[in-house]
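First comes the structure, then the notes that go with it.
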Amino acid sequence: MQVKRIYVDRKQGFQVEAQGLYDDLKNNLGINGLQKLQIINRYDIHGITEEEYVLVRDIVFNDPPAVQIHEEILPASPKQLTFAVELLPGHYDQRADSTAQSIQ
């Protein structure tokens with residue numbers, strides 16, 4: 001079975017976490033040139049069939065009013081600065097644990 005990659009991007013009006021980080025970077029760190037900030041969660045899914053993947057994608061990850069899902073490739077403009085953050089190996093990842101439990 002191959003690994004499937006999903007990017008989950010919150011739509012305008014549902015970006016509470018991103019707005020908090022944006023405010024923190026602007027006000028506390030003085031990054032005044034910052035114009036916009038998005039937090040996009042990436043999930044690598046493996047160990048399930050194609051049929052199970054479709055169900056998981058549509059039930060666990062998809063909330064049509066609040067999120068937009070991108071599969072395999074994240075569309076980005078060349079003008080956007082993109083970087084990734086992940087927990088160190090061995091650290092508890094609540095988001096991954098909750099997602100795995102939902103899939104089961």
ask   = Before we move on, is Pro65 in contact (Cβ under 8 Å) with a residue 40 or more places away in the chain, over 25 Å from Gln2 (Cα atoms) and open to solvent by 60 Å² or more (accessible area, probe 1.4 Å)?
value = yes
task = With the checklist (1) under 19 Å from Ile103 (Cβ atoms); (2) open to solvent by 60 Å² or more (accessible area, probe 1.4 Å) in hand, flag the one item Val8 doesn't pass.
result = (2)
task = Search segment 79-104 for residues that are under 15 Å from Asp44 (Cα atoms) and open to solvent by 100 Å² or more (accessible area, probe 1.4 Å) and pair each with any residue that is of a type outside the set (A, V, I, L, M, F, W, C) and not in a loop (DSSP other than H, G, I, E, B) when their beta-carbon atoms are under 8 Å apart and the residues are at least 6 apart or on different chains.
result = Arg95/Asn41
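The values are calculated or read from the model by the stated rules, or taken from the named source; none is laboratory data. Note that the structure is a prediction, hence the values are computed from the model and not measured. Cβ atoms come from the backbone with ideal geometry, glycine included; neighbour counts cover every protein chain shown. Accessible surface is based on the protein model in full, side chains and every heavy atom, while ligands, DNA and RNA are left aside. Shrake-Rupley method; radii C 1.70, N 1.55, O 1.52, S 1.80 Å.
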